[in-house]
Amino acid sequence: MDDALAAFLEDLGDSGELEDTVFILGSDHGLHMGVNFLFLQSGRIEHQNPFFVMSVPEQLHQFAESFQQHHGSEKGISPFVANEQRLISPFEVYHTFRALADWPKVDGDNWKRSLFAAQRAGKTCDEAGIGEIFCMCK
């Protein structure tokens, strides 16, 4: 499966389709079998948290970075780089989909709550509405 997915993604990139397409890949959980799953903290995290990756066209990427510089709470940081290491929940993904549905019109509330804006550092699972069993902060 990994080779087939890698070939698909490479073909998609080579085709030019990603120049005007937002591509999102997700799954309900990571590895959930074997020694890693049974005995290691990383297995628990993979099993209880979904996989999510998003590729955005350059035009949208540049707009998001510009919006962050002019309207974001944190200036001088890429929202995409910031969010890589921040607690993200389905709520931010929801607002990302809402922002995409409205694009190129920008609804400030959806945009600021989406993955196109740097989300607050230090947010806890409780604040994000993430149940204790799914919290990766422990």
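The values are calculated or read from the model by the stated rules, or taken from the named source; none is laboratory data. Note that the structure is predicted; figures quoted are calculated from it, not measured. For neighbour counting, all protein chains shown are included, and Cβ atoms are generated from backbone atoms with ideal geometry for every residue, glycine included. Each accessible area value is taken on the protein alone, full model and side chains, heavy atoms only, with ligands, DNA and RNA left out. Shrake-Rupley method; radii C 1.70, N 1.55, O 1.52, S 1.80 Å.
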Residue list for the stretch 94-107, restricted to those being open to solvent by 30 Å² or more (accessible area, probe 1.4 Å), assigned to a helix (DSSP H, G or I) and not hydroxyl-bearing (Ser, Thr, Tyr): PHE97, ARG98, LEU100, ALA101, ASP102
All positions within the stretch 42-77 that are small (Gly, Ala, Ser), under 18 Å from the mean Cα position of the chain (by Cα) and within 22 Å of GLU19 (Cβ to Cβ): SER55, ALA64
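For (1) part of a helix (DSSP H, G or I); (2) at pLDDT 85 or above, each residue gets a yes or a no:
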position	(1), (2)
LEU25	no, yes
LEU31	no, no
ASN36	yes, no
SER42	yes, no
VAL53	no, yes
GLU65	yes, yes
ILE77	no, yes
Top-ranked residue of the stretch 124-138 - restricted to ones that are at pLDDT below 80 and either of a type in the set (A, V, I, L, M, F, W, C) or in a helix (DSSP H, G or I) (or both), ranked as surrounded by the most Cβ atoms within 10 Å (Cβ to Cβ): PHE134
Hits in the stretch 55-78 - residues which are within 29 Å of PHE134 (Cα to Cα) and open to solvent by 50 Å² or more (accessible area, probe 1.4 Å): SER73, GLU74
Test result for VAL81, aliphatic (A, V, I, L, M), surrounded by 14 or more Cβ atoms within 10 Å (Cβ to Cβ), under 17 Å from ALA64 (Cβ atoms) and modelled with pLDDT of 90 or more: no
